[in-house]
Amino acid sequence: MNLKELAKHLSLSQTTVSRALNGYPEVNERTRQRVLQAVQATGYRPNRAAQRLATGKAGSIGVIMPSSPGRDTDLHFSEFLSGLGEVCVSEDILLVVHPSRPEDEEATFRKLAASGSVDAIFLAYTRRNDTRIDLLKSLKLPFVVHGRAASDGPHDYPLLDIDNHGAFRDAADLLLQLGHRRIALLNGPDYLTFAIARRAGLEEALKSRDLSLNPAHCQEFAMTEENGYRGMVRCLETEEPPTAVLCSSMLLALGAVRAINQRGLKVGRDISLIAHDDVFPYLKPENFTTPLTTTRSSIRAAGARIGERLIDAVARSTLDQQQEVWPVELIMRASTGPAPTELDISRQQRAG
């Protein structure tokens, strides 16, 4: 059914039906509801080209997907897009995914904004000194940042983030309360602000006990299973290996557990482990041989929330200015236990 047929079915003009569908205030609420009910009953879908001409809006959200030769598939980004995509589908909004090399992202954002093919955009993976944020502010296009730039001053742009610093401080506090003094960190890349915040949270907890993070026990890289394995191997081979480890993702934890098992050690007894859980449906912490203690916040839910905010900003023709920071849950399971004694550690080293 096209617009002409829908209008005839309702005995209304095409202009009235179009304005009802596009939220024009001059259409009374009774007529708007009648049109919406007919749309639901008939399965009508508006012609996007005509809708764009009528409203001046593209009906789409722009996404920059970092892409470069040799880059691993980013499961975290995919899970985020799943949440964003669910909201877009429910609101009949298109998701325009534009691949870009990291060094070309600013030019890609300019190109997207100039093309008129998107109504709003979002920025992922904020960096230490992120010039992309100032660029987005200059484009006058609704946007939301997933994360925060690493600055001490106020953030004057719309964002959604989780309390990465507090999450890893609290996780480290738990390990310290259990007697651990040598805590390793398997983290994301050191130029990304979530990784910076998580390391700072661990270091704050250590400093409160007059301790410091051993540089040899801090591994920062792309969050893959293989990097988790290699990073954990390097930590275990140090002169004074850690008795506990914080992992910035479940993928890193998967590799770390493999390295720990190969060493003949048991998670939760010989070495404690806490991982950040983005709530992947295919990698659940309770399904590990030793269920993992985690800091938990759904990255899919974050994608959905950013989608809602962007769609609302476009509908209202306003710029979203909300700074939204979600707390992170600490979920206790069997992978955390008391620190082993020095005698236990000596035996482990001889066995290794």
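Against the definition (open to solvent by 50 Å² or more (accessible area, probe 1.4 Å), within 18 Å of Arg198 (Cα to Cα), out of contact with any Asp or Glu (no Cβ under 8 Å at 6 or more places or on another chain) and of a type outside the set (A, V, I, L, M)), how does Glu329 come out, yes or no?
For Glu329, the condition - open to solvent by 50 Å² or more (accessible area, probe 1.4 Å), within 18 Å of Arg198 (Cα to Cα), out of contact with any Asp or Glu (no Cβ under 8 Å at 6 or more places or on another chain) and of a type outside the set (A, V, I, L, M) - is met.
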Within the range 211-227, can one find any residue that is free of Cβ contacts under 8 Å to residues at least 12 places away in the same chain, closer than 23 Å to Arg182 by Cβ, over 15 Å from the mean Cα position of the chain (by Cα) and not assigned by the TED database to the domain that holds Phe80?
-> yes
Looking only at residues in the range 124-152 that are out of contact with any Lys or Arg (no Cβ under 6 Å at 6 or more places or on another chain) and assigned to a strand (DSSP E or B), which one is surrounded by the most Cβ atoms within 10 Å (Cβ to Cβ)?
-> Phe143
For the range 92-100, does any single residue satisfy the condition of being exposed (fewer than 14 other Cβ atoms within 10 Å of the Cβ) and within 22 Å of Thr131 (Cβ to Cβ)?
-> yes
So which helices (runs of 4 or more DSSP H) are wholly in the range 1-100 and hold at least 3 residues that are among the hydroxyl-bearing types (Ser, Thr, Tyr) and modelled with pLDDT under 90?
-> 14-21
The range 1-46, residues that are among the polar types (S, T, N, Q), over 23 Å from Ser90 (Cα atoms) and open to solvent by less than 50 Å² (accessible area, probe 1.4 Å) = Thr16
Here are some residues: Ala200, Ala171, Ala205. Which one is part of a helix (DSSP H, G or I) and open to solvent by 20 Å² or more (accessible area, probe 1.4 Å)?
-> Ala200
For Glu106, state whether it is over 15 Å from the mean Cα position of the chain (by Cα), at pLDDT 90 or above, open to solvent by less than 60 Å² (accessible area, probe 1.4 Å) and not hydroxyl-bearing (Ser, Thr, Tyr).
-> yes
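The values are calculated or read from the model by the stated rules, or taken from the named source; none is laboratory data. Given the structure is predicted, the values throughout are model-derived calculations rather than measurements. Glycine gets a Cβ as well: all are built from the backbone with ideal geometry, and neighbour counts include every protein chain shown. Ligands, DNA and RNA are excluded from the accessible area calculation, which covers all protein heavy atoms including side chains. Shrake-Rupley method; radii C 1.70, N 1.55, O 1.52, S 1.80 Å.
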